[in-house]
1. Scan (1) touching a residue at least 12 places away in the same chain (Cβ under 8 Å); (2) closer than 28 Å to Val4 by Cβ; (3) surrounded by fewer than 21 Cβ atoms within 10 Å (Cβ to Cβ) for the single condition Glu295 breaks and write down its number.
2. State which residue is farthest from the chain's Cα centre (by Cα) when the search covers only segment 101-140 and only residues that are surrounded by 13 or more Cβ atoms within 10 Å (Cβ to Cβ) and assigned to a helix (DSSP H, G or I).
3. Can you tell me which residue within segment 229-238, out of those that are of a type outside the set (A, V, I, L, M, F, W, C) and touching a Phe, Trp or Tyr at 6+ places or on another chain (Cβ under 7 Å), is surrounded by the most Cβ atoms within 10 Å (Cβ to Cβ)?
4. Which one of the conditions (1) of a type outside the set (A, V, I, L, M, F, W, C); (2) over 21 Å from Leu278 (Cβ atoms); (3) surrounded by 19 or more Cβ atoms within 10 Å (Cβ to Cβ) does Ser387 fail to meet, given that it meets all the rest?
5. Of the residues Ala71, Ala52, which single one is touching a Lys or Arg at 6+ places or on another chain (Cβ under 8 Å), of a type in the set (Gly, Ala, Ser) and over 28 Å from Leu207 (Cα atoms)?
6. Show the residue pairs that are 6+ apart or on different chains and have beta-carbon atoms under 7 Å apart, the first residue being within segment 363-375 and in contact (Cβ under 8 Å) with a residue 60 or more places away in the chain and at negative phi, the second being surrounded by fewer than 18 Cβ atoms within 10 Å (Cβ to Cβ) and part of a helix (DSSP H, G or I).
7. Can you pull out the residues in segment 63-79 that are of a type in the set (D, E, K, R) and under 18 Å from Arg47 (Cα atoms)?
8. If Arg307 meets every condition in (1) modelled with pLDDT under 95; (2) basic (Lys, Arg); (3) surrounded by 18 or more Cβ atoms within 10 Å (Cβ to Cβ) apart from one, which number is that one?
Amino acid sequence: MIDVRLLRSQPDVVRAALERRAKPELLEQLDHAIRLDVRLRDIVAERDTARARINDVSKQVAALRRDKQDAEHLVAESRTLGEREKVLDGEYGEVEAVLRELLLQIPNLPHPDVSNGTGSHDNVVVRGPLQMPAAFATHQRVPHWETGVELGILDAERAVKISGAMFTMQRGLGATMARALCQFALDRNADAFEEIRPPSLVTTQTLTVTGQLPKFADDAYNIGRDDLWAIPTAEAPLTSLHAGEILHESALPLRYMAFSPCFRREAGSAGRDTRGMLRSHEFDKVEIFAVTTPETASAMLDDFVERVTSTIAALGMPYRVLEICSGDLGQSHYRSYDVEVYAPGCDQWLEVSSISWFSDYQARRGEIRFRREGKKGTDFAHTLNASALAVPRVWAAIVENFRNADGSVTIPAVLHPYMRGATVIPVVPAAATHSS
């Protein structure tokens, strides 16, 4: 969440930053938060005055009683002040709770260098397109959901039978390639990132730290009986690894990577890109994550962009990098880039990675601090994350970009070590396809 001290000392700065997000309701929330914070400080001032008077009265009562003088009027005043103090304590707790819930709803302030815009149409291409051929052959213009069925590597029909709409299932070399993509991404980042296999179910607090809750509860899978949530990304458990901790500056940056299944209800996405592998309720992904000092976060963001783009480039696919404008930034995002690959069969640029710097927004929610060498006190850390490789759209783009004239799919060379000797996904004889 944003620093409440900014609401007090620089409300105009906060307002100007939130205006850049192009959502007028945020300014109403900001004004409400400022009013609540003023009320909290008024309560504290009145409560402190009452406590000071109670202490003073107590001393006077003691002195009068030592002199055997009447002190009942002061005792009555102390009793009234004590009752008022209890009322103020209760009101403070109520106002503080409302303010916290409101601050959890208010998004991060955009980085000053983020371009202004109102939505995704204002995002700026900052690199590419790269590795884009002069033209695509007709056989590459076949959508992956058709090729996947023809080759027996994608079985959406049975996935829906098993689990319902917007679930997918890879088979044979399609499943092998999905796994290969994840191992490939892990190996490419093993030079600097510790591998973690986090739990796939997390607490409400864990999702609150990253910013998924409370705002995006409708897009997450909740297991109400146990008050647990299926993770939408490994970012959630990785961010809370150090929740409530004070780290040493010398230990930073901390870098983690994790393979995990990801679960998203995507309640607001009904009817959008639901064919094939473009959008599904469950998918596999490799995430990279870092905890840094504020001073080193920008360089880490650049490193993340290079790592993701080099992975896509190694797979041999056309790609580009977009910087996300102020009006399209996610709830917790301070600065973000998207990496997109071109899928000729869908004739679309597909987002395959979101690379984000959260400043201290998540760290404040999770109480992740660090102590600087030789200095008193602590500072909030900065957090960053990226999809090192998300399987579905990369898988789809491979099937479309590397489809051959005979209908087979050439497997990118960098994946060969993980494919048990396979270099091509061959055309399956009609009798060998998965019948219903």
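1. Looking at each condition in turn, Glu295 falls short on (1).
2. Only one residue tops the list, namely His139.
3. This residue is Glu235.
4. Only one criterion is unmet by Ser387, namely (2).
5. Ala71
6. Phe370/Glu249; Arg371/Glu249; Arg372/Glu249; Glu373/Glu249; Glu373/Ser250
7. Selection gives Glu77, Arg79.
8. (1)
The values are calculated or read from the model by the stated rules, or taken from the named source; none is laboratory data. Since the structure is predicted, the reported quantities are computational estimates derived from the model, not experimental observations. Note that each Cβ is placed from the backbone with ideal geometry, even for glycine, and that neighbours are counted across all protein chains shown.
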